[in-house]
Amino acid sequence: MRDRVVIKWGGGLITDKSSLCTPNMTVLKQLASTVEKCHDAGLEVILVHGAGSFGHLRAKNWRLNEGYIPHIESPEGSTLSSQKEAVDQVRLEMLQLNKHVCDALEVFGIQSIVHPPHLWVTNTGIDFSGSLDEFMSLNDKTVHITFGDVVNVEGEKQFGILSGDDLVVRLSLELENVKRLVFAIGGVDGLLRIPPEHATKEDLIEVWTPDIRFEGVHQSDIDVTGGIGLKAARGAHVAAHGINVVMVNGGKPERVLAAMLGNPVRGTIVTHKQ
């Protein structure tokens, strides 16, 4: 069986977060080319992508991460009338973004096997319920894809947000022959010691453990997951099981490819040891 790599394309990387439902097709095509090169090298790719401008803003406005809220008032300017409508709309938007991802891969002759979480997942966090059996098949001309989504939740909450950063944990730990987990993030080379707007090349944390403080941009005004902090925490959890984890600048496709192939690269190696 061939080795596998799990790759997470950040939502802020593959979309324009300042404009609702706007993909960054240039970046998507660059990233798709790295998948083709991994296949050429005999490496199986499992792809997870974020939401960016296709899900976060609407989910934030309707507080979907908090679950069902009785008698919630419609956000100002919203064309929707209920959280239920918002859930359906966010799911639709995620499928629209996923179609852009699949189209970019198809340019390179790669067919996609898509697993929308709202169809197979219950509950949120890394202990979500849902079988990964459908991800098991291998084919050098296809790639399995899933993404952050609004999923059903047991009990009074009814629904919640399953982050792609939670999905990569189970995919990395439960699928056979996964050797690496790569986070392709937008705008920075990895985890930084000081805020990105003030950082220089020397402020990159090349090897991170959970006891090292870092600074990152978390767009709390639109983000309904944990931003870069959640990626670091989930990456450390995966690393504790002997899988190599690295964060790289997704705007540098040559770095993304190097990380996926397991070659030395500028970025942050995430470990669990303190």
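Could you please state, rounded to a whole Å, how far the C-alpha centre of the range 58-107 is from the C-alpha centre of the range 130-151?
22 Å
Determine, for each peptide in 154-162, 93-101, the mean count of other beta carbons within 10 angstrom over its residues, then list the peptides with the highest first.
Listed from highest to lowest mean packing, they are 93-101, 154-162.
Counting each DSSP H run of 4 or more residues in the chain as -39500 (n - 2.57), what helix-only mean residue ellipticity at 222 nm follows after dividing by all residues, to the nearest 500 deg cm²/dmol?
On the way: 7 runs with 83 residues, N = 274.
That calculation yields -9500 deg cm²/dmol at 222 nm.
What shape does the range 69-227 take by its C-alpha gyration tensor, where a ≥ b ≥ c are the square roots of the eigenvalues and a/c under 1.5 counts as rounded, a/b above b/c as prolate, and the rest as oblate?
Oblate is the answer for the range 69-227, as a/c is 1.5 or above yet b/c matches or exceeds a/b.
Springs between alpha-carbon pairs under 10 angstrom, Gaussian network model over the chain: which of 212, 228, 113 fluctuates most?
So, out of 212, 228, 113, the one fluctuating most is 212.
Rounded to the nearest 5, what % of the DSSP beta bridges within the chain are antiparallel ones?
30 percent
What whole-number distance in Å separates the alpha-carbon centres of the range 161-221 and the range 1-52?
Result: 15 Å between the Cα centres.
Straight distance only, please: which lysines reach the Cα of residue 60 with their own Cα at less than 27 Å, same-chain residues fewer than 8 apart left out?
8, 17, 84, 99, 157, 231
For a protection proxy built on the mean count of beta-carbon atoms within 10 angstrom, sort 55-63, 3-11, 240-248 highest first, please.
My ranking of the peptides, most packed first, is 3-11, 55-63, 240-248.
Packing-wise, with mean Cβ within 10 Å as the measure, how do 192-203, 173-184 rank, highest first?
173-184, 192-203
Starting from the alpha-carbon convex hull of the chain, give the projected area averaged over all orientations, in nm².
14.0 nm²
About the Cα centre of the chain, what is the dipole size in debye to 20, counting +1 per Lys and Arg Cβ and -1 per Asp and Glu Cβ, all else neutral?
Values: 26 positive and 34 negative charges, 108 e Å.
Once rounded to the nearest 20, the dipole reads 520 debye.
Pull out a ≥ b ≥ c, the square roots of the eigenvalues of the alpha-carbon gyration tensor of the range 1-72, then state rounded if a/c is under 1.5, prolate if not and a/b is larger than b/c, and oblate in the remaining case.
Oblate, since a/c reaches 1.5 and b/c is not below a/b.
Assuming R0 = 25 Å, can you tell me the calculated FRET efficiency for the pair residue 63 and residue 119, based on Cβ-Cβ distance, to the nearest 0.05?
0.60
Fully extended, how many nm does the chain gain between residue 200 and residue 103 (0.36 nm per residue separation, minus their Cα-Cα distance)?
31.3 nm
If contacts are Cα pairs under 8 angstrom and at least 6 residues apart, what is the relative contact order of the chain in percent?
Relative contact order comes out at 23 percent.
Every number in this text was worked out from the coordinates using simple rules, so none of it is lab data. The structure presented is a predicted model; accordingly, all values stated were derived computationally and were not measured. All Cβ positions, even for glycine, are placed from backbone atoms using ideal geometry, and neighbour counts span all protein chains on display.
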